[in-house]
Amino acid sequence: MGIEFSHYGEERDFDATDEEIEIFEELQGMTALKQLPAPLELTAKSSSYLTATVGVWDLARFKYTDRAKWIMIPLAEKAQKHRITSVDQIHDFIDLIDKAVDKIRKGWDM
């Protein structure tokens, strides 16, 4: 019997789809004028999806593959996956992104 450690939240190597890169670039554009306290970075903390992070905060989690297309803004609402059919739909969530950015700023100053 041994101890097994989970890998939740660890940085992982990832192979993003073209659409996932586009989503991240759209998120960068949507937050460019919001004066984030740190750069927006593309990471993989899970083997199931990608995350746009600001420091230790998850701004958005998303997946865009042939089988699954969704975005989640965890700081703005409780575990809600929003199904999408195109990258352009990311702009439909600007209010949630603004809410998440506000929470990141408040949390950053603590």
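We did not get these values from a lab; they are worked out from the coordinates using the rules stated. Just so it is clear, the structure is predicted and the values come from calculations on it, not from any experiment. Positions of Cβ are backbone-derived with ideal geometry, glycine not excepted, and every protein chain shown enters the neighbour counts.
Candidates are the residues of segment 22-51 that are among the β-branched types (Val, Ile, Thr) and either in contact (Cβ under 8 Å) with a residue 12 or more places away in the chain or more than 21 Å from LYS81 (Cβ to Cβ) (or both); the one that is surrounded by the most Cβ atoms within 10 Å (Cβ to Cβ) is ILE23. For segment 58-66, does any single residue satisfy the condition of being farther than 17 Å from ALA16 by Cα and exposed (fewer than 15 other Cβ atoms within 10 Å of the Cβ)? No, segment 58-66 contains no residue that is farther than 17 Å from ALA16 by Cα and exposed (fewer than 15 other Cβ atoms within 10 Å of the Cβ). The set of residues in segment 19-56 that are of a type in the set (Gly, Ala, Ser) and either more than 16 Å from ASP98 (Cα to Cα) or in contact with a helix residue (DSSP H, G or I) (Cβ under 7 Å, 6 or more places away or on another chain) (or both) comprises ALA44, SER46, SER47, SER48, ALA52, GLY55. Counting only residues that are under 11 Å from the mean Cα position of the chain (by Cα) and either outside any helix (DSSP H, G or I) or within 19 Å of GLU22 (Cβ to Cβ) (or both), segment 71-110 holds 6 of them.
Residue pairs whose Cβ atoms lie under 7 Å apart, separated by 6 or more positions or on different chains, with the first residue in segment 80-96 and of a type in the set (Gly, Ala, Ser) and the second part of a helix (DSSP H, G or I), do not occur.
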